[in-house]
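Down below is the structure, laid out as structure tokens.
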Amino acid sequence: MEKFTTLRSGVVPLPIENVDTDQIIPARFLKATTREGFGQNLFADWRYADGQPKSDFVLNDARYQGHQILLAGQNFGCGSSREHAAWALYDAGFRVVISSYFADIFRGNALNTGLLPLQVTPEELQELFVLVAQDAQAELTVDLPSQTLQVSGRPEPMRFELDAYKKECLINGYDDIDFLLSQEDAITAFEQQRTWVF
């Protein structure tokens, strides 16, 4: 998994609430067995009509091309538990999704994929939407070690919470197996001093 420490990027605004995983990646695209290739069908039913890009959908707006932060409405990633939703976002180039609430299973799938689900307050979310509406090229800086989100023109950064274990995995680029392997010396030392009772 790719390491994540800090990211400075523009923002793609998607001010829609209750975006479920079937909207993120429709079920008809779930035939692949690897994570690659899902990005081209991200938000497919909103993004395309008869195979052609819809000019009024944000991912087809040239102003937001190459931005790695998705700014989403409340309750993002609800619905089914498909991990392909996180895969599609990551494959499309997103490294952070910001919302005021994430469905728990989506949050876990995102973190396991290397995608940071960054939760802010509803008031902070609205502040961010206003910022991006005023300036499509506005940039945010996500600092994972300090768990802060720096916003242009805002004196104080926004702060976010994250499970310490998942934070360590993201910073080091570990999946769960990588983390266990990184603890090999500690596990070996524990086993050597352990008293076995039969």
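The values are calculated or read from the model by the stated rules, or taken from the named source; none is laboratory data. Bear in mind the structure is a predicted one, so any value in this text is a computation, not a measurement. Neighbour counts run over all protein chains shown; Cβ positions are idealised from the backbone, glycine included. Accessible surface areas use protein heavy atoms only, side chains included; no ligands, DNA or RNA. Shrake-Rupley method; radii C 1.70, N 1.55, O 1.52, S 1.80 Å.
The set of residues in the range 105-124 being open to solvent by less than 10 Å² (accessible area, probe 1.4 Å) and touching a Pro at 6+ places or on another chain (Cβ under 6 Å) consists of Ala110 alone.
Under the condition of being open to solvent by 50 Å² or more (accessible area, probe 1.4 Å) and either part of a strand (DSSP E or B) or at pLDDT 95 or above (or both), the residues counted in the range 10-27 number 6. In the range 125-140, the condition of being over 21 Å from Gln74 (Cβ atoms), out of contact with any Ser or Thr (no Cβ under 7 Å at 6 or more places or on another chain), open to solvent by 60 Å² or more (accessible area, probe 1.4 Å) and part of a loop (DSSP other than H, G, I, E, B) is met by at least one residue.
Only one of the numbered conditions (1) open to solvent by less than 40 Å² (accessible area, probe 1.4 Å); (2) part of a helix (DSSP H, G or I); (3) within 21 Å of Ala62 (Cα to Cα); (4) not charged (D, E, K, R) is violated by Leu170, and that is (3). Quick check, is Leu115 within 19 Å of Asp175 (Cβ to Cβ) and in contact with a helix residue (DSSP H, G or I) (Cβ under 6 Å, 6 or more places away or on another chain)? Here the answer is yes, as Leu115 does meet what is asked.
Conditions (1) open to solvent by 50 Å² or more (accessible area, probe 1.4 Å); (2) touching a residue at least 24 places away in the same chain (Cβ under 8 Å); (3) acidic (Asp, Glu), marked per residue:
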| position | (1), (2), (3) |
| --- | --- |
| Asn41 | no, yes, no |
| Gln52 | yes, no, no |
| Phe57 | no, no, no |
| Gln65 | yes, no, no |
| Ala85 | no, yes, no |
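Taking the criterion of being outside any helix (DSSP H, G or I), among the basic types (Lys, Arg) and out of contact with any helix residue (DSSP H, G or I) (no Cβ under 8 Å at 6 or more places or on another chain), the only residue of the range 28-76 that qualifies is Lys31. Cβ-Cβ distances below 9 Å connect the following pairs, each with a first residue in the range 105-128 that is on the phi > 0 side of the Ramachandran plot, a second residue that is hydroxyl-bearing (Ser, Thr, Tyr) and part of a helix (DSSP H, G or I), and a separation of six or more residues or different chains: Gly114/Tyr90.
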